[in-house]
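The values are calculated or read from the model by the stated rules, or taken from the named source; none is laboratory data. A quick note: this is a predicted structure, and the numbers were derived from the prediction, not measured. Backbone-built Cβ (ideal geometry, glycine too); neighbour counts: all protein chains shown.
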Amino acid sequence: MRDGGRIAAAIDVLGDVLNRHQPVKSAARDWGKRARYAGSKDRAWVSGLVLDALRKKNSIAHAMGSDEPRALVLGALSFAWGWDIMKIDSAMDEEHAPSKLTLEERERLVMAPDVTAEPWVSGDYPDWMEPMMDRVFGEEKVVEAQAMAVRADVDIRVNTLKVDAEKAGGPMRSANAESSPLLKNAYHIPARDPSEREASLESIPAYSKGWVEVQDAGSQIAAAASNAKPGEQVLDFCAGGGGKTLAMAAMMEGKGQVHAYDIDGRRLSALIPRLKRSGAHNVQLVHPKEPEALEALKGQMDVVFVDAPCTGTGTWRRRPDAKWRLKDKQLAKRIEEQTEIIAAASAFVKPGGRLVYATCSFLMEEDEDRVAGFLAEHPEFAEESAADAAIASGLLTDEGAAKVKAGAKGGKSVRLTPRKAGTDGFFFAVMRKAR
Ligand SMILES: C[S@@+](CC[C@H](N)C(=O)[O-])C[C@H]1O[C@@H](n2cnc3c(N)ncnc32)[C@H](O)[C@@H]1O
């Protein structure tokens, strides 16, 4: 396909996302089925442009004077991809392209950014979140949010149950991955030029052999804060697809036990092939249909990890459509669940054991507030330095340790953000139960 046709397709797909409230993946898939002539490069190009338009939806709409899909897509070409008017013009001259640029569009595409725009416009976040953005980031809210409105790197965790970081280095370098600046056993693939295809790590042999896993560095650091040791008993209470489960199993060198529980049995089943690939033999799935198996773990665990369901605001770089779908009702529901889950999970911690609470949200309402609420009701738990716990795991580089300490801001819990740490937005806190 030529660029003109791809731009027309991106306008169509974005229309489905915005008007029919479809996630980008399914809108792009539906378009791919209709457009049988489109190849995988075309599909990646179109989805990439749609995602970039969504990442900067407010600022593009402001610059273009319209939030119609056409305006957003044209704006993304200019403001996210850096296309000049001549390049856009020549694409619009091609067959199957949308109609040519209007005079107003031309003028708007070359205008300098409006420095007087509202913070939620310049920062590309929903306006109703203004009080929360103020509370967590203060004067830095726009720059923090802008760092969440760009593409993310792909982070890779080396599965030390199978290989060390050096042995994984060969295949990683051929996949254009570099050593992670934050973690010793990790690599990362810097975000590509916007119109290029994202790296697909799943297709390389090192992945199918279980040498590596795709996992955001923030998620790896949160898992490190469990400081899970060989021989310990660990309960991953919201195991889901198992990202933290696998990371902790590797930390434990296959010794001791990770019990992986999730209220959603289907999500837990998705962990089975990942477990097989990883070679982790010390993971026990605790199915929600077997409540007695879970009950037996009460008061027995050295570590209970709560990777709580959350609004996922920390992952806006990867899922910009979710940013605009988020509503205050959904936030309120997540807060309610988090309050219940952290209390329920705490019953499994043995005296002297640790409770780790983590979210991939940067909202204090889901983070510090939940920890403070829990501690107020559970005086048998005391908060410890989450940065020290992550550093004690031995998994962080010096730079990683410095970023984690900076993320603690002198307090006990840690917040990592794309701007400050180059990770997804992550929060984690460590609480110890009295002996
Ligand atoms: C953030 S996701 C977990 C991601 C996973 N730990 C990982 O690293 O890939 C949150 C998980 O919490 C689960 N969950 C929601 N409510 C729960 C509850 N009451 N008890 C246990 N798990 C729950 C969800 O099914 C979801 O899989």
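Of note:
- Within segment 287-311, if we keep just the residues that are of a type in the set (V, I, T) and within 19 Å of K255 (Cβ to Cβ), the residue that is nearest to the chain's Cα centre (by Cα) turns out to be V304.
- The residue that is nearest to the ligand (Cβ to nearest atom), counting only those in segment 214-233 that are at negative phi and in a loop (DSSP other than H, G, I, E, B), is Q215.
- Matching residues in segment 202-213 - criterion: being surrounded by fewer than 24 Cβ atoms within 10 Å (Cβ to Cβ) and within 16 Å of the ligand (Cβ to nearest atom): E202, E213
- When R157 is tested against (1) in contact (Cβ under 8 Å) with a residue 60 or more places away in the chain; (2) in a loop (DSSP other than H, G, I, E, B); (3) farther than 28 Å from V50 by Cα, exactly one condition is not met: (2).
- Subset of segment 343-353 (residues that are small (G, A, S) and either under 20 Å from C310 (Cβ atoms) or surrounded by fewer than 17 Cβ atoms within 10 Å (Cβ to Cβ) (or both)): A343, A344, A345, S346, A347, G352
- Scope segment 234-248; condition farther than 23 Å from S385 by Cβ and more than 6 Å from the ligand (Cβ to nearest atom); matching residues: T245, L246
- For segment 407-428, the candidate set comprises residues that are among the small types (G, A, S) and more than 20 Å from the chain's Cα centre (by Cα); within that set, the residue that is surrounded by the most Cβ atoms within 10 Å (Cβ to Cβ) is G411.
- Count - residues of segment 250-268 that are touching a helix residue (DSSP H, G or I) at 6+ places or on another chain (Cβ under 7 Å) and farther than 21 Å from G279 by Cβ: 2
- Residue pairs whose Cβ atoms lie under 6 Å apart, sitting 6 or more positions apart in sequence or on different chains, and linking a residue in segment 408-433 that is closer than 21 Å to P351 by Cα to a partner that is of a type in the set (D, E) and modelled with pLDDT of 95 or more, are K412/E383; V430/E384; M431/E383; R432/E384; K433/E380.
- Subset of segment 296-312 [within 14 Å of the ligand (Cβ to nearest atom) and either surrounded by fewer than 14 Cβ atoms within 10 Å (Cβ to Cβ) or not in a loop (DSSP other than H, G, I, E, B) (or both)]: V303, V304, F305, V306, D307
- Selection within segment 347-397 - in a loop (DSSP other than H, G, I, E, B), closer than 18 Å to E337 by Cα and within 23 Å of the chain's Cα centre (by Cα): C360, S361, F362, L363, M364, E365, E366, D367
- Just one residue in the set L395, L375 is farther than 20 Å from E144 by Cβ, in the same structural domain as A228 (by TED's automatic domain parsing) and touching a helix residue (DSSP H, G or I) at 6+ places or on another chain (Cβ under 6 Å); that residue is L395.
- Scope segment 38-65; condition outside any helix (DSSP H, G or I) and either under 17 Å from A8 (Cα atoms) or within 26 Å of the chain's Cα centre (by Cα) (or both); matching residues: A38, G39, K56
- Residue match in segment 242-259 (condition: of a type in the set (A, V, I, L, M) and in contact with a Pro (Cβ under 7 Å, 6 or more places away or on another chain)): yes
- Looking across E253, E340, E292, one residue alone is within 14 Å of the ligand (Cβ to nearest atom) and either surrounded by fewer than 22 Cβ atoms within 10 Å (Cβ to Cβ) or polar (S, T, N, Q) (or both). It is E340.
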